[in-house]
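A quick write-up on the structure given underneath.
The values are calculated or read from the model by the stated rules, or taken from the named source; none is laboratory data. The structure displayed is predicted, hence computed values, not measured ones. Ideal geometry is used to build each Cβ from the backbone, glycine not excepted, and the neighbour counts take in all protein chains shown. In case anyone asks, the SASA skips ligands and DNA or RNA and just uses the protein heavy atoms, side chains included. Shrake-Rupley method; radii C 1.70, N 1.55, O 1.52, S 1.80 Å.
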Amino acid sequence: TDVFKRSTHAVNKLIEDCRAAKGDLVVLSHRSTLQTVFAALLPDFEQDTKMEYGGIAMIAETEPGSNKFEMITFNELNHLRDRIQSPSS
């Protein structure tokens, strides 16, 4: 689809820019956009995979410059549980 093509192009450009700056890339977005980003970087990722509201995911390149990525964490919600259980909340 067009959204997938645009997301793939955008994330590849961001990765290229980050490599040139020798920096890390953080993408904050809505679920549908993140699903296309993950699908662009992770060949086995299914775009209809359920993603939790407020969940955090992290992917990393397996080796610098390899353009091969792996999922490190997915649908992590501990940051929300800690906040909910906090007496000050």
**Request:** Quick one: compute the contact order of segment 1-75, relative version, from alpha carbon pairs under 8 angstrom and 6+ residues apart, as a percent.
**Result:** 23
**Request:** Would you calculate, for the chain, the mean residue ellipticity at 222 nm contributed by helices, counting each DSSP H stretch of 4 or more residues as -39,500 (n - 2.57) and dividing by all residues, to the nearest 500?
**Result:** -14000 deg cm²/dmol
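Per the 1.4 Å probe, what fraction of the accessible area of the chain, in percent, lies on carbon and sulfur atoms?
Working: 3670 of 6840 Å².
Exposed carbon and sulfur together represent 54 percent of the surface.
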**Message:** If DNA, RNA and ligands are ignored and the probe is 1.4 Å, what is the ranking of Glu46, Glu52 by accessible area, most exposed first?
**Reply:** Glu46, Glu52
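How large is the direction-averaged shadow of the alpha-carbon convex hull of the chain, in nm²? Spell out each step's value before the answer.
Values: hull surface 27.6 nm².
Averaged projected hull area, Cα only: 6.9 nm².
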**Item:** Residue-span extension gain [Lys5 to Cys18] - 0.36 nm each, minus C-alpha spacing
**Value:** 2.7 nm
**Asked** Using a 1.4 Å probe, what is the accessible area per residue for the chain, in Å²?
**Response** 77
**Asked** Which order do Ile15, Ile56 take by accessible area at a 1.4 Å probe, largest first?
**Response** Ile56, Ile15
**Request:** Between Glu61 and Gln47, with labels modelled 7 Å along Cα→Cβ, what's the label distance in nm to one decimal, could you check?
**Result:** 2.6
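How do Ser7, Ser66 rank by accessible surface area computed with a 1.4 Å probe, from largest to smallest? Don't skip to the answer; put the middle values down first.
Values: Ser7 15, Ser66 40 Å².
From most accessible down to least: Ser66, Ser7.
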